[in-house]
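**Student:** Please find one structure pasted underneath; my questions will follow.
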Amino acid sequence: MLTGKESSGQLRAMLHAVPIVPVLVVHEAAHAVPLAQALVSGGLPVVEVTLRTPAAIDVIKQMSSVAGCVVGVGTLVSDGDVSAAIDAGARFGVSPGTTETLVTSCARLGLPLLGGVATVSEMMRLNEHGFDVAKFFPAEASGGAPALKAFAGPMPDFHFCPTGGLNPKNVEDYLKLPNVLCAGGSWIVPPEHLKSENWSAIEKLAAQASKLSC
Ligand code: 3PG
């Protein structure tokens, strides 16, 4: 049984070295290995593979086989996919919101959970389980960097990975906040680059993002 405190501790250890976690929607399992190689070479080895395509579990499995790539499973909206993702190699889970069922299932199966929150009440509920790290989603639509700055008052020990609506223009507003651990975003892997298998362009975008300081 993984406690909330242990879960958040493991996430801090995985996320502290990267400013950005690329959020991936991968349709072709054949793209998994070259994509992982491009991201690792570009300096962004921690990735979130969303469960939004039929290939996602296979993609997790194949990306996990690439040396240095730390793969998380994203878009966990129920506990049904947790054990398949773990079997495929997922090292952490990411959810847009957080439910008791998901928290319990991840704890039982030992998967660190980066649970989604957008309000202080949701943070307080996660904190009651011992968590002190969460995904702030959808970040821009939920008040953006000013909201995160305000959360630091009542929740001083909580740290966030803001995701949703971030881009190269606004990401530094988030990364400079002391309660931000890293940020998540899909701009590192634009669908057109994935479709055209433009791995060098993806590596370049990752390299630019990896230089951001957090
Ligand atoms: C998501 O779950 O879709 C992520 O938060 C990515 O959001 P983005 O596409 O706005 O970066």
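**Student:** Given the residues Val82, Val49, Val59, which is the only one that is more than 16 Å from the ligand (Cβ to nearest atom), touching a residue at least 24 places away in the same chain (Cβ under 8 Å) and surrounded by 17 or more Cβ atoms within 10 Å (Cβ to Cβ)? Outline the logic, then answer.
**Tutor:** On the way: Val49 fails: more than 16 Å from the ligand (Cβ to nearest atom); Val59 fails: more than 16 Å from the ligand (Cβ to nearest atom).
That would be Val82, the only listed residue that is more than 16 Å from the ligand (Cβ to nearest atom), touching a residue at least 24 places away in the same chain (Cβ under 8 Å) and surrounded by 17 or more Cβ atoms within 10 Å (Cβ to Cβ).
**Student:** Considering only residues that are in contact (Cβ under 8 Å) with a residue 60 or more places away in the chain and of a type in the set (Ser, Thr, Tyr), look in segment 172-201 and name the one that is nearest to the ligand (Cβ to nearest atom).
**Tutor:** Among them, the one singled out is Ser186.
**Student:** Same structure again: Kindly indicate which of Glu140, Glu122 is among the acidic types (Asp, Glu) and in a loop (DSSP other than H, G, I, E, B). Before you say what the answer is, go through the steps one by one.
**Tutor:** Working: Glu122 fails: in a loop (DSSP other than H, G, I, E, B).
Going through Glu140, Glu122 in turn, just one is among the acidic types (Asp, Glu) and in a loop (DSSP other than H, G, I, E, B): Glu140.
**Student:** Further, regarding this structure: Can you name the residue in segment 186-211 that is among the hydrophobic types (A, V, I, L, M, F, W, C) and open to solvent by 40 Å² or more (accessible area, probe 1.4 Å) and, of all such residues, is farthest from Lys176 (Cα to Cα)?
**Tutor:** Applying the first criterion (among the hydrophobic types (A, V, I, L, M, F, W, C)) to segment 186-211 yields 187-189, 194, 199, 201-202, 205-207, 209.
In the following step, the residues that additionally are open to solvent by 40 Å² or more (accessible area, probe 1.4 Å) were identified as 187, 199, 205.
Working: Trp187: 19, Trp199: 29, Leu205: 20 Å.
So, considering only residues that are among the hydrophobic types (A, V, I, L, M, F, W, C) and open to solvent by 40 Å² or more (accessible area, probe 1.4 Å), the one farthest from Lys176 (Cα to Cα) is Trp199.
**Student:** Now a separate question. Looking at this structure, is Pro162 within 23 Å of Leu51 (Cα to Cα) and part of a strand (DSSP E or B)? Talk me through it step by step, then tell me what you get.
**Tutor:** Numbers: within 23 Å of Leu51 (Cα to Cα): yes; part of a strand (DSSP E or B): yes.
The answer is yes for Pro162.
Residues are listed down the side, and each one gets a yes or a no for (1) in a helix (DSSP H, G or I); (2) in contact with a strand residue (DSSP E or B) (Cβ under 9 Å, 6 or more places away or on another chain); (3) not hydrophobic (A, V, I, L, M, F, W, C):
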residue	(1), (2), (3)
Arg12	yes, yes, yes
Ala17	no, yes, no
Ala32	yes, yes, no
Glu48	no, yes, yes
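**Student:** Out of segment 24-41, which residues are touching a residue at least 40 places away in the same chain (Cβ under 8 Å), surrounded by 23 or more Cβ atoms within 10 Å (Cβ to Cβ) and out of contact with any Phe, Trp or Tyr (no Cβ under 8 Å at 6 or more places or on another chain)?
**Tutor:** Across segment 24-41, the qualifying residues are Leu24, Val26, Leu39.
**Student:** Return the only residue of Lys169, Lys204 being basic (Lys, Arg) and either touching a residue at least 12 places away in the same chain (Cβ under 8 Å) or more than 29 Å from Phe151 (Cβ to Cβ) (or both). Give the steps one after another, and end with the answer.
**Tutor:** Numbers: Lys169 fails: either touching a residue at least 12 places away in the same chain (Cβ under 8 Å) or more than 29 Å from Phe151 (Cβ to Cβ) (or both).
On inspection, the qualifying residue turns out to be Lys204.
**Student:** Somewhere in segment 62-74, is a residue within 16 Å of the ligand (Cβ to nearest atom), closer than 19 Å to Ala17 by Cβ and either at pLDDT below 95 or out of contact with any Ser or Thr (no Cβ under 7 Å at 6 or more places or on another chain) (or both)?
**Tutor:** yes
The values are calculated or read from the model by the stated rules, or taken from the named source; none is laboratory data. Bear in mind that the values here come from a model prediction, so they are computed numbers and not experimental data. We place every Cβ from the backbone using ideal geometry, glycine too, and count neighbours over all the protein chains shown. Accessible surface areas use protein heavy atoms only, side chains included; no ligands, DNA or RNA. Shrake-Rupley method; radii C 1.70, N 1.55, O 1.52, S 1.80 Å.
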